[in-house]
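Enquirer: I have a structure here, written as structure tokens, and I will follow up with some questions on it.
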Amino acid sequence: MNLSKNPNLRRYLWPCAGLLLLLLINAIIAPEFFHIEFKDGRFYGSVIDVLNRAAPVALLAIGMALVIATGGVDLSVGSIMAIAGAASAYYITKGVDNLAIIIGAGLLAGLIAGAINGFLVGYMSIQPIVATLILMVAGRGIAQLMNEGQIVTFDHAGFAFLGTGDFLGLPFPVVLVIITFVIVQLLTRKTALGLYIEAVGANPSASHYMGLNAKAIKMSVYCVAGLCAALAGMIAAADIKGSDANNAGLWLELDAILAVVIGGASLMGGRFSIFLAVIGALIIQTLSVTIILSGIPPKFNLLIKASAIIIVLLMQSPLFQKQLSQLNIWKKKEANHA
Amino acid sequence: MRTLFKTLTLAAAIGITATANALTVGFAQVGSESGWRTSFSESVKAEAEKRSITLKFSDAQQKQENQIKAVRSFIAQRVDAILIAPVVETGWQPVLMEAKRARIPVVILDRNVSVTDQSLYLTRIAPDFELEGQRAANWLTEKTEGKCSILELQGTVGSSAAIGRMKGFNETIAKFPETKIVRSQTAEFTRSKGKEVMETMLKAAGGGKDICAVWAHNDEMALGAIQAVREAGLQPGKDILIVSVDAVDDALKAIVAGDINVSVELSPHLGGPAFDVINEFRGGKKDFDKWIKMGGAVFTQENAAEELAKREAK
């Protein structure tokens, strides 16, 4: 019982419980869900698919968690995905074979886009939702220009590995998420950076008087978000061996924000957890798979998704928990017992 | 000044009557959001050139307000006819009335317009989605002799293409009791969703061993699906038949490679019939069907290479 009373652990309890519940539902409606076999040197099964397909949103969510922790939001990550995919595709179709250049181009595109966002938010003090809206709208146009309005398809085994390859039996996008997660986690928890980010988000003026350079911190989180988005965009492009400027990453910024919120973060800024943001992304993807497995007609997709997410969010709300516990018989017994 | 202007207009008028056939036609296109849209624009331009029609082309970048502006400027330029490929159905009444008052005939291409007065436009030339669904189903039921378990990738929920294709296909397979859609889900007309949804569907359907075909509402989803089928260790086009609509270049290449079995063409060649209608109208014909249906060709392994060569020659 101490576990549920410790607020720090309780934060982790509900999102993880939500994910487990969804996985359980999947196992009930499709018994083969947890069936994993080792085939052609890689693990193969629905659970692996969930991890693999959640990778782009998980990457976006890692970047988004940092941005939201500073009290901001980045609406442009979906468009940055399209730009990065288009940038890589551009070099491949131009005949460049050097993987470092191709991936470098994508990452650089993401970094520039993130720097523009960070500059507007940090140094120009434009409200994040407005500043990043610019690239959200214009970014897709930039990607379309790079692709000349077409879906550019390419064939490059090295680049395709980003989306379809496997490493130690795991799909490579999953490996990329793990690497990104470890790097960002180390950067934010083993240095003071995480504390600074939370301070800027929780109380901007206090952190200013403490001597924190809020501008540079904001700049850096948008750059990280841009880089994460670029990585996600290259995975998406490599996966279908093509860059689709109209649809790559479309509306994924909203999924990323949702993932962070499901992970219990406040949009007002402050405390964040990269781990919970990734759990949030997994919840969203598991839900999509649940809907497909259940065979429910597609017109109910959005309704089901919305209902499930409302339930997860309600479960996390302290007020709702309190009201629920008043209805709970066991709790009353326990109180009598005490 | 006024007399000068008058002489100029007169001279211009004489110029036009001198070359009676040289029509000027304005074309308000949606934009260039897909490969199909681009070939549609290209085909109208090529057709106009062939008939030595002066085409005034406007790209509205997916915005109706830009289209309305373009149509107004066509009216101001006193073109002989206007072609509109509308972004959305509603909101066309006022500008079409302006065109009618200026006595400029309007032909609607592709998507529909909803207006209370049907005399505001001559006709609409558009593909028939239901017919496409029927043709896809006909090919499949013939090939499998009416025995087939199908996975369906629907287009965007509520889009007219998805509704029409689904209806045409389902009505046709309803005559074959052993042809059934076992799973159906939307993949939103995109390649990446097509791949993702197909992965999950195949696993849910026991690895896809009992599945005989994938029916995708467009080529993009089919192209994504063939990657998923291949990654599941099956051969697309052989172990699982792939049936699709649109016949874009990438799909024809996939048909030639044997990955897709059939794609029903969503004909982008709407220009020719549109100019025919305009000529007939100028010849005195007043009454046209309100919807001239364009049924696309069916491309299979037999004729895809030929069509691809033809397109590349252009």
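Enquirer: Semi-axes, largest first, in whole Å: what does sqrt of 5 times each Cα gyration tensor eigenvalue give for the protein assembly as shown?
Expert: 49, 32, 24
Enquirer: Continuing with this model, one more query. Using a 10 Å cut-off around each Cβ of peptide B:244-250, what is the average number of partner chain Cβ atoms that fall inside? It would help to have the intermediate numbers written out before the result.
Expert: Values: counts 0, 0, 0, 0, 1, 2, 4.
Per-residue shielding by partner chains comes out at 1.
Enquirer: What do you get for the angle between helix B:64-76 and the principal long axis of chain B? Use alpha-carbon atoms, 0 to 90 degrees, nearest ten.
Expert: So the helix axis and the longest Cα principal axis differ by about 30 degrees.
Enquirer: Ok, one more. Pull up the DSSP beta bridges for the protein assembly as shown and report the antiparallel fraction as a percent, rounded to 5.
Expert: That works out to approximately 20 percent antiparallel.
Enquirer: What's the ranking of B:58-69, A:250-261 by average number of surrounding C-beta atoms within 10 Å, highest first? Kindly include the intermediate steps, with their values, before the conclusion.
Expert: Details: B:58-69: 17.0, A:250-261: 22.9.
By packing density, highest mean first, the sequence is A:250-261, B:58-69.
Enquirer: Per-residue mean of other chain beta-carbon atoms within 10 angstrom of the beta-carbon, peptide A:41-54?
Expert: 2
Enquirer: Sorted by packing (mean other beta-carbon atoms within 10 Å per residue), highest first, where do A:95-108, B:154-167 land?
Expert: Numbers: A:95-108: 16.3, B:154-167: 18.9.
By packing density, highest mean first, the sequence is B:154-167, A:95-108.
Enquirer: If you average the sequence gap of Cα pairs under 8 Å that are 6 or more apart and divide by the length of chain B, what percent do you get for the contact order?
Expert: Values: 597 pairs, mean separation 49.7, N = 314.
Taking the mean separation of contacting Cα pairs over the length of chain B, I get 16 percent.
Enquirer: What residue among A:Thr180, A:Thr164, A:Thr191 shows peak mean-square fluctuation when chain A is described by a Gaussian network model with Cα springs under 10 Å?
Expert: Of A:Thr180, A:Thr164, A:Thr191, the most mobile in the Gaussian network model is A:Thr191.
Enquirer: Could you give the angle, 0 to 90 degrees to the nearest 10, between helix B:35-50's Cα long axis and the longest principal axis of the Cα atoms of chain B?
Expert: Taking Cα atoms only, the helix is inclined about 40 degrees.
Enquirer: Which of the lysines could a cross-linker span from A:Lys305 if the Cα-Cα distance has to be under 28 Å and same-chain partners fewer than 8 positions apart are dropped?
Expert: A:Lys322, B:Lys167, B:Lys180, B:Lys193, B:Lys195, B:Lys203
Enquirer: Could you pull out every residue, at least 5 positions away or on a different chain, whose amide H is within less than 5 Å of the one on A:Gly71? Hs are placed 1.01 Å off N in the peptide plane, and Pro or chain starts have none.
Expert: Distant-sequence amide H within range of A:Gly71: A:Gly269, A:Gly270.
Enquirer: What is the Cα convex hull volume of segment A:45-322 when expressed per residue in Å³?
Expert: So the per-residue Cα hull volume is 142 Å³.
Enquirer: Using the Karplus curve 6.51 cos²θ - 1.76 cosθ + 1.60 with θ = phi - 60°, what ³J(HN,Hα) values do you get for each residue of segment A:123-132, in whole Hz, with x for Gly and Pro?
Expert: 8, 9, 6, 7, 4, x, 5, 7, 4, 7
Enquirer: Please list the non-local residues whose amide H lies under 5 Å from the amide H of B:Val298, H modeled 1.01 Å from N, same-chain partners needing a gap of 5 or more.
Expert: B:Glu265
Enquirer: Need one value for B:181-187: mean number of C-beta atoms belonging to other chains within 10 Å of its residues' C-beta atoms.
Expert: Per-residue shielding by partner chains comes out at 4.
Enquirer: Taking the Cα-to-Cβ direction at B:Lys310 and at A:Met210 and moving 7 Å from each Cα, how far apart do the two end points lie in nm?
Expert: Reported label-point gap for B:Lys310 and A:Met210 is 7.2 nm.
Enquirer: Can I ask one more? Under 5 Å between amide H atoms, partner at least 5 residues away or on a different chain: which partners does A:Asp166 have, H built in plane at 1.01 Å?
Expert: A:Phe172
Enquirer: Here's something else I'd like to know. Between B:Arg103 and B:Lys209, what length comes free when the chain is fully extended (0.36 nm per residue of separation minus the Cα-Cα distance, one decimal in nm)?
Expert: 32.0 nm
Enquirer: Oh, and also: So for B:Phe74, A:Phe275, B:Phe129, fewest C-beta neighbours within 10 Å to most, what's the order?
Expert: Lowest count first: A:Phe275, B:Phe129, B:Phe74.
Enquirer: Still on this structure, I have one more. Taking the 0 to 90 degree range and rounding to the nearest ten, how far is the long axis of helix B:271-282 tilted relative to the main principal axis of chain B, both from C-alpha atoms?
Expert: The answer is roughly 40 degrees.
Enquirer: Name all residues of segment A:207-227 having a backbone nitrogen under 20 Å from the label point set 7 Å from the Cα of A:Ser125 along its Cα→Cβ direction, giving them as ranges.
Expert: A:207-222, by backbone N distance to the label point.
Enquirer: Would you mind ranking B:Asp287, B:Asp249 so that the residue whose beta carbon has the fewest other beta carbons within 10 Å leads the list?
Expert: Ascending number of Cβ neighbours within 10 Å: B:Asp287, B:Asp249.
Enquirer: Once you put a point 7 Å from the Cα of B:Asn112 and another 7 Å from the Cα of A:Phe167, both along the Cβ direction, what distance in nm separates them?
Expert: Going from the B:Asn112 label point to the A:Phe167 one covers 5.2 nm.
Enquirer: Still on this model: Report the label-to-label distance for A:Leu319 and A:Cys16 in nanometres (one decimal), using points 7 Å from each Cα along the Cα→Cβ vector.
Expert: 2.8 nm
Enquirer: Give the distance, in whole Å, between the Cα centre of segment B:86-111 and the Cα centre of segment A:100-166.
Expert: If you average the Cα positions of each part, the centres end up 38 Å apart.
Enquirer: Suppose R0 equals 22 Å. What FRET efficiency, 1/(1 + (r/R0)^6) with r the Cβ-Cβ distance, do B:Ile181 and B:Gln301 give to the nearest 0.05?
Expert: Values: r = 24 Å, r/R0 = 1.09.
Rounded to the nearest 0.05, the efficiency is 0.35.
Enquirer: Still on this structure: Could you run the Karplus curve 6.51 cos²θ - 1.76 cosθ + 1.60 with θ = phi - 60° over segment A:263-276 and give me ³J(HN,Hα) per residue in whole Hz, x for Gly and Pro?
Expert: With the stated coefficients, segment A:263-276 comes to x, x, 7, 9, 5, 7, x, x, 3, 9, 9, 5, 4, 5 Hz.
Any read-out appearing in this document is the output of simple, stated calculations on the displayed coordinates, not a laboratory observation. None of the values given here were measured: they were computed from a predicted structure. Don't worry about glycine lacking a Cβ; one is built from the backbone with ideal geometry, like all the others, and counts go over all protein chains shown.
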